[in-house]
Amino acid sequence: MAAGTETVLDVENLRVSSGARGERRVLVRGVSLTVGRRRTVALVGESGSGKTLTGLALMGLTPAGTAVAAERLLVGGVDLTRMSEPEFARVRGRRIAMVFQNPMEALNPVLRVGHQFSQVLTRNLGVSRSDARDRARELLDSVGVSDARRRLGQYPFEMSGGMLQRMMIALALAAEPDLLVADEPTTALDTTLQAQVMALLAERREDVGMGMVLVSHDLGLVAEYADEVNVMYAGRVVERAPTREMFASPVHPYTLALLRTVREIASPGTDRLSSIPGSPPPLDDPGSGCAFAPRCSFATAECTAVVPELKGVAEGHDVACVRSER
Amino acid sequence: MQARRDELPPSVDVRDLVVQFRVRAPGVGPRVVVRAVDGVSLRVGRGATVGLVGESGSGKSTFGRALLRLAPASGGSVRIEGEDVLGAGHRELRALRQRAQMVFQNPIGSLNTRMRVGRIVREPLDIQRIGDRVSRRARVRELLDQVGLPRDAEGRYPHELSGGQQQRIALARALASAPSLIICDEPVAALDVSIQAQVLEVLKDVQRATGVSYLFISHDLNVVRHLAHETYVMYLGGVVEHGPSASVFASPRHPYTRGLVAATPVADPERARRSPLLRGEIPSPMEVPPGCRFHTRCPFAEERCREEAPVLGETGDGGRVACHFWRELPREDPRAAPTRGGA
Amino acid sequence: MSAVPVSVRDATGPTVTVPRWWRGLSWRALVGAGGVAAFLVAAVLAGAVSPYSPDALAIGSRLEGPSAAHLLGTDQLGRDVLTRILYGLRPSLESGFAAIMMAAVVGVALGLPSGYFGSLVDTVVTRVLDLLVAWPAVFLALAIVLLLGTGELQVIVAIGLAEVPVFSRLVRSIAMVAARSDHVVAARAAGASSLRIMLRHVLPFVVTPLVVQFAIAAPQALVAEASLNYLGLGTHPPAPSLGAMVSEGQSFLAYAAGPIVFPILVIVALVVSLTLLADGLQDRLDPRSRIGAR
């Protein structure tokens with residue numbers, strides 16, 4: 001079982017496509033990830049980079065009409081690619097759980113929170129209703145919700161976004177999963193709450209002993225909370241490195257440009273922000289060659305000819321750019 | 001030019017603005033009066049950019065809308081270029097709305113998706129009957145140029161363009177009637193970083209070219225610090241700190257501002273992980289705490305804070321702060337000592 | 001210098017090009033559209049197609065079955081059934097269309113301000129419509145006929161009035177959402193008047209659902225029209241109408257089924273065509289029933 005191995009997620013060449021057979025469009029083009037226990041691996045990118053779709057694909061939750069394929073998708077040592085949907089459904093919430101961007105939308109608005117808690121707990125933990133109630137209180141305690149009894153009697157709209165997100169985290173981690181996919185977990189929250197919720201996630205990750213995939217557009221957040229960063233662009237990982245390395249010596253022109261912009265905005269002295277011209281291509285039509293080439297200031301004829309593969313430039317640091325290959 | 005600008009009344013001058021709503025508490029509560037904006041004074045000089053920051057629920061967006069009477073003000077005064085907004089009649093208000101415009105957070109939501117870009121940008125000119133057909137067309141071209149949109153954008157529909165381009169359309173429309181003030185309500189919050197930078201640059205270019213002033217409402221301290229000359233910090237309907245942006249962000253005085261600064265992520269893993277300085281959440285505007293409205297979340301709160309509301313007082317270096325104890329608070333700031341290092 | 005201009009072509013996400021209106025229409029819609037078109041053509045060309053006049057009596061050949069001379073036979077007065085059906089389609093289609101048109105226009109006129117302004121305007125409009133809905137449609141029609149007498153116009157008004165609440169509520173609900181969106185606030189900020197905002201910034205968003213509702217209401221209106229004529233509240237004899245034909249044929253059902261069966265079949269075929277078209281249009285135009293619509 002998973003206890004022996006350190007790796008809780010091992011994905012090889014994950015692909016997501018949509019549309020009917022005739023006009024199938026590829027959206028995520030071969031993402032490989034490895035997440036160790038008590039480690040946080042970030043997927044960063046702008047909207048339309050395919051990061052959220054990748055996160056959903058890990059959960060088997062991509063929208064209707066899409067298809068997911070992978071050479072390997074091991075969660076806690078169990079291969080999810082060989083599972084039927086009912087089998088997968090049993091894994092979800094137990095071995096692999098997810099926290100969404102908007103907690104308000106993730107809960108049923110017309111049911112009391114406590115009711116939704118006990119539903120999930122009786123299903124995922126196989127406990128009785130009364131045990132589920134006790135467990136719910138313990139769980140809320142673990143995420144710093146003090147008046148658990150009152151909270152469980154409330155409806156989602158009676159609570160703030162920050163409170164709901166705490167509860168969603170508690171619920172997601174109820175079965176102590178091997179892997180948590182956190183999709184923009186703090187984007188809908190105010191900055192002051194962001195720090196609280198991220199601290200909570202980091203703490204729970206240690207207690208539960210799970211691995212975490214953090215999907216985010218926010219490089220600042222990733223810098224603080226991830227161990228490894230995967231930068232995505234147009235459905236591919238274009239650069240992967242341990243966090244410190246990524247922020248200290250980025251190689252891919254896209255990462256370079258993004259980081260420069262973020263730092264320029266954050267530093268008071270900047271007179272003129274250097275922005276990346278244009279905008280990302282549609283996910284289903286990245287053009288020929290390197291998808292970033294049209295916006296890249298280093299692009300050459302070679303860039304539009306071939307799709308660069310991820311290649312190592314240093315220990316644990318891979319880059320998909322023809323420039324880095326020399 | 002500079003001298004004359006100073007003689008002119010400011011783009012907008014707000015005194016003790018109050019906006020209140022009657023709302024029903026969640027569930028089946030009685031109707032209560034909520035003061036979303038509670039006596040805020042603010043001034044934006046000609047050609048200046050003034051930032052207004054705060055969390056959601058601070059009342060900053062309501063404040064912005066109230067300046068154009070898009071939210072009902074129930075007290076105080078608003079003067080746009082010296083002219084009274086709150087007392088203006090129907091016709092005067094229409095004229096005043098030429099001089100102050102708005103840009104919203106959600107670019108596609110703020111555009112009529114059934115209209116082509118050219119018509120969207122031209123509409124304020126049509127409404128205000130500025131110029132004739134030919135001159136309006138020319139003006140639309142000029143505006144599109146000014147915000148960096150290609151000519152062929154004119155005949156397209158908003159959804160055919162990217163988020164950054166949509167925000168440029170919104171800006172072009174806002175600029176159409178040559179306003180003195182544009183109220184920007186989180187104009188880049190919905191955009192990706194690389195696009196944010198483009199739009200921020202356009203905002204600066206437009207300001208340089210036209211001398212328009214901005215009231216820049218945002219929760220993003222980095223963006224505000226970058227753009228705004230002056231910043232106001234709002235909490236639960238009131239201003240807690242105000243001053244030149246450089247000093248507000250570099251050496252925040254109010255514990256709330258400190259908390260905000262400390263909570264802002266920095267793209268640098270070498271820096272110490274931020275500790276959540278502020279606990280809890282902003283209370284509901286229906287339950288504004290007595291005394292200092294911030295005392296429930298303030299790590300430094302004392303008895304006096306629970307009883308007596310502090311007034312916005314001068315700090316002596318151009319700033320103002322509403323805190324009884326700002327002088328006595330520990331100097332160091334969790335973010336003040338950058339340990340930039342590493343490879 | 002202005003900032004880097006970006007080409008329109010590299011827009012984010014899958015670019016939504018406005019498709020030709022018929023692309024993506026289902027077979028149902030196409031079959032429905034074909035059927036409706038066929039009936040329209042038949043009604044328009046009635047005079048050119050048929051060798052008989054709808055009122056031409058032929059006492060010698062009454063209640064005849066289908067033959068080469070009379071494809072669908074003759075009725076109790078020896079009139080050609082096919083000819084009368086073709087001519088009878090006209091008032092049916094005309095009054096059906098006119099009635100829904102009226103319902104749509106009145107519905108927009110009531111629903112738009114109701115949804116946009118809300119509060120008092122909304123309360124008044126909603127109450128008035130509630131009153132209208134409280135009456136069964138047939139009594140409403142009878143009341144109108146009592147007040148205005150029988151005739152095609154009365155039928156139109158009766159059917160139209162019965163359909164007004166549906167249209168008005170639809171428009172109101174969309175207008176309510178649109179009125180609170182940022183683009184309407186932006187238009188207000190630009191100094192636009194309420195009328196202008198309603199017409200330019202709210203109405204365009206109502207059009208598509210209105211078209212769908214139009215198609216849904218059409219078969220209902222058609223059946224209503226036939227029913228009112230069947231009850232003798234519509235066209236005056238001897239003018240042909242599908243409903244009146246059924247009603248007249250009833251007395252002679254024992255001798256010949258043709259004069260009653262064929263009009264009924266035509267009504268059914270027309271209603272089915274319209275329903276298929278409505279269904280297909282709804283799938284095509286209603287964003288709620290499309291996956292991945294953003």
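The values are calculated or read from the model by the stated rules, or taken from the named source; none is laboratory data. None of these values were measured; they are calculated from a predicted model. Quick reminder, even Gly has a Cβ in these numbers, built from the backbone with ideal geometry, and neighbours come from all protein chains shown.
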Where residue B:53 falls short, out of the listed (1) of a type outside the set (D, E, K, R); (2) more than 14 Å from chain A (Cβ to nearest Cβ); (3) closer than 17 Å to residue B:224 by Cα
(2)
Whether any residue in the stretch C:220-229 is over 15 Å from the mean Cα position of the chain (by Cα) and surrounded by fewer than 22 Cβ atoms within 10 Å (Cβ to Cβ) is what I want to check.
yes
Looking for whichever is crowded, with 24+ Cβ neighbours inside 10 Å and facing chain B (nearest Cβ under 8 Å) here; the options are A:265, A:276. Which one fits?
A:276
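Here is a yes/no grid of residues against (1) closer than 26 Å to residue B:131 by Cβ; (2) in contact with a Lys or Arg (Cβ under 9 Å, 6 or more places away or on another chain); (3) more than 8 Å from chain C (Cβ to nearest Cβ):
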position	(1), (2), (3)
B:59	no, yes, yes
B:64	no, no, yes
B:82	yes, no, yes
B:86	no, yes, yes
B:90	yes, no, yes
B:95	yes, no, no
B:99	yes, no, yes
B:102	yes, yes, no
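Here is a yes/no grid of residues against (1) free of Cβ contacts under 8 Å to residues at least 40 places away in the same chain; (2) in contact with an Asp or Glu (Cβ under 9 Å, 6 or more places away or on another chain):
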| position | (1), (2) |
| --- | --- |
| B:84 | yes, yes |
| B:87 | yes, no |
| B:100 | no, yes |
| B:113 | no, no |
| B:127 | yes, no |
| B:145 | yes, no |
Condition check for residue A:295: within 25 Å of the chain's Cα centre (by Cα), modelled with pLDDT under 95 and within 14 Å of chain B (Cβ to nearest Cβ):
no
When you go through (1) in contact with a helix residue (DSSP H, G or I) (Cβ under 8 Å, 6 or more places away or on another chain); (2) in contact (Cβ under 8 Å) with a residue 12 or more places away in the chain one by one for residue A:260, which number turns out not to apply?
(1)
How many residues are within 17 Å of the chain's Cα centre (by Cα) and part of a helix (DSSP H, G or I) when one looks only at the stretch B:186-200?
3
So in the stretch A:221-254, with the set limited to residues that are within 11 Å of chain B (Cβ to nearest Cβ) and of a type in the set (S, T, N, Q), which one is farthest from residue B:262 (Cα to Cα)?
A:249
Does the stretch C:198-214 hold any residues that are surrounded by fewer than 23 Cβ atoms within 10 Å (Cβ to Cβ) and either among the hydrophobic types (A, V, I, L, M, F, W, C) or on the phi > 0 side of the Ramachandran plot (or both), and which are they?
C:198, C:199, C:203, C:205, C:207, C:210, C:211, C:212, C:214
Quick check on my filter: what residues within the stretch B:162-185 are of a type outside the set (A, V, I, L, M) and assigned to a helix (DSSP H, G or I)?
B:163, B:164, B:165, B:166, B:167, B:168, B:173
Answer yes or no as to whether residue B:209 is more than 14 Å from chain A (Cβ to nearest Cβ), in contact (Cβ under 8 Å) with a residue 40 or more places away in the chain, closer than 19 Å to residue B:102 by Cβ and part of a helix (DSSP H, G or I).
no
From the set of residues in the stretch B:152-178 that are at the interface with chain C (Cβ under 10 Å from one of its Cβ atoms) and within 18 Å of the chain's Cα centre (by Cα), which is nearest to residue B:11 (Cα to Cα)?
B:174
Could you grab me the full set of residues in the stretch A:121-136 that are at pLDDT 85 or above and buried (at least 17 other Cβ atoms within 10 Å of the Cβ)?
A:121, A:132, A:133, A:135, A:136
Restricting to the stretch B:107-127, and then to whatever is facing chain C (nearest Cβ under 7 Å) and under 12 Å from residue C:192 (Cα atoms), can you tell me which residue is surrounded by the fewest Cβ atoms within 10 Å (Cβ to Cβ)?
B:127
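One line per residue, one yes/no per condition, for (1) among the hydroxyl-bearing types (Ser, Thr, Tyr); (2) within 17 Å of the chain's Cα centre (by Cα); (3) outside any helix (DSSP H, G or I); (4) modelled with pLDDT under 95:
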| site | (1), (2), (3), (4) |
| --- | --- |
| B:234 | no, yes, yes, no |
| B:242 | no, yes, yes, no |
| B:272 | no, no, yes, yes |
| B:279 | no, no, yes, yes |
| B:297 | no, no, yes, yes |
| B:301 | no, no, yes, yes |
| B:306 | no, no, no, yes |
